[in-house]
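Inspection log for the structure reproduced underneath, given as C-alpha cells.
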Amino acid sequence: MRYFTSDIHFDDPRLNLYSRDLVFKSAEECDNNYIKNWNALITDKDTVFVIGDVAMTLKGLEKVKQLKGKKILIKGNYDEKETSKYDVSDELLLQYFDKVITSGYITINNEKVFLNHYPINGSDKYFNLVGHIHGLWKVQRNMINVSMDCWHFTPISEDVIIFTMNAIRKYYDQNVFSGELECNLKFKK
C-alpha cells in the first residue's frame, strides 16, 4: 500500500504555529505520537511519500530511522539547504530516505497525480497532493493537503486519497470552496 503525509516537523518546538499545542505539551510528545501512529499503520512492505518538511533539526531527522516502510521525500522548504534550520543536503537526506526529489508524478487509480510541497506550485493539468500549509485547509478543487495536521497526525492511505478525490469531484459543493465565492474574492480590507 502507498501512504502520504507532509509537514512532520520532527523536533519543532513551535507547536502553537500549527495548533499542535492544543493536543501535545511538547515537540517530543508530538513526535512520539506521530511515530506510534505511523508504525501502527505502516509495514515494511508499504511506501510512504513524505511531501516535505520532515525535520527541523538533525536530532529530528534521526527520528526518521524509527519509521517503518520505504520512504520517499518530496522536498519542502525545511528540506532545502537555503531555507533549512540545520545543515541539510540531499546526501544527508538519502541516509534516511530511499529517494529524495523536488516534485514528481505518480499514478493513482489510473490517473496521473502531481506531488509537490507547495500548493502555489500545483498543476492545473493534474490533481495535486501538497503540504506546506499544515491544517489551514484540507481540500481544494484539484488538491488534497496531506499534512499530518489535517489527518489526525497519521499518514493517509491511497484509498483515502481516491475516496477524497471522488468526493471533491462528485459531492462537494460551492460551500466547500467558499474561498472562491465572489464575496471572498472581492473582499479588500
Residues of the range 1-44 being under 19 Å from TYR96 (Cβ atoms), touching a helix residue (DSSP H, G or I) at 6+ places or on another chain (Cβ under 9 Å) and not in a helix (DSSP H, G or I), in sequence order, are ARG2, TYR3, PHE4, THR5, ASP7, ILE8, HIS9, PHE10, ASP11, ASP12
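Conditions tested, residue by residue: (1) closer than 30 Å to THR43 by Cα; (2) without any contact (Cβ under 8 Å) to a residue 24 or more places away in the chain; (3) among the polar types (S, T, N, Q).
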| residue | (1), (2), (3) |
| --- | --- |
| ASN109 | yes, no, yes |
| ASP149 | yes, no, no |
| PHE153 | yes, no, no |
| TYR171 | no, yes, no |
| LYS188 | no, yes, no |
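Considering only the range 53-82, state which residues are free of Cβ contacts under 8 Å to residues at least 40 places away in the same chain and either under 21 Å from TYR105 (Cα atoms) or of a type in the set (Gly, Ala, Ser) (or both). Steps first, please.
We begin by selecting, within the range 53-82, every residue free of Cβ contacts under 8 Å to residues at least 40 places away in the same chain; these are 58, 62, 65-68, 70-73, 79-82.
Residues satisfying the conditions are LYS70, LYS71, ILE72, LEU73, ASP79, GLU80.
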Condition met for GLU62 (of a type in the set (D, E, K, R), part of a helix (DSSP H, G or I), out of contact with any Gly (no Cβ under 8 Å at 6 or more places or on another chain) and surrounded by 14 or more Cβ atoms within 10 Å (Cβ to Cβ)): yes
For this session: Could you tell me whether any residue of the range 33-53 is farther than 22 Å from TRP151 by Cβ, over 18 Å from the mean Cα position of the chain (by Cα) and of a type outside the set (Val, Ile, Thr)?
Result: no
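The rows are residues; the columns are (1) out of contact with any Ser or Thr (no Cβ under 8 Å at 6 or more places or on another chain); (2) farther than 19 Å from ILE8 by Cα.
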{"residue": "LYS68", "(1), (2)": "no, no"}
{"residue": "THR102", "(1), (2)": "yes, no"}
{"residue": "LYS112", "(1), (2)": "yes, yes"}
{"residue": "LEU115", "(1), (2)": "no, no"}
For helices (runs of 4 or more DSSP H) lying entirely in the range 79-189, having 2 or more residues that are surrounded by 12 or more Cβ atoms within 10 Å (Cβ to Cβ) and more than 15 Å from the chain's Cα centre (by Cα) picks out 90-93, 158-170
> Quick check, is VAL48 in a strand (DSSP E or B) and either buried (at least 22 other Cβ atoms within 10 Å of the Cβ) or of a type in the set (A, V, I, L, M, F, W, C) (or both)?
Replying inline: yes
Query raised in the report: Any chance the range 108-115 includes a residue that's closer than 21 Å to LYS70 by Cα, modelled with pLDDT of 95 or more, in contact with a helix residue (DSSP H, G or I) (Cβ under 8 Å, 6 or more places away or on another chain) and polar (S, T, N, Q)?
Result: yes
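The values are calculated or read from the model by the stated rules, or taken from the named source; none is laboratory data. All values derive from a computational prediction rather than experimental measurement. Note: ideal-geometry Cβ built from the backbone for every residue, glycine included; neighbour counts use all protein chains shown.
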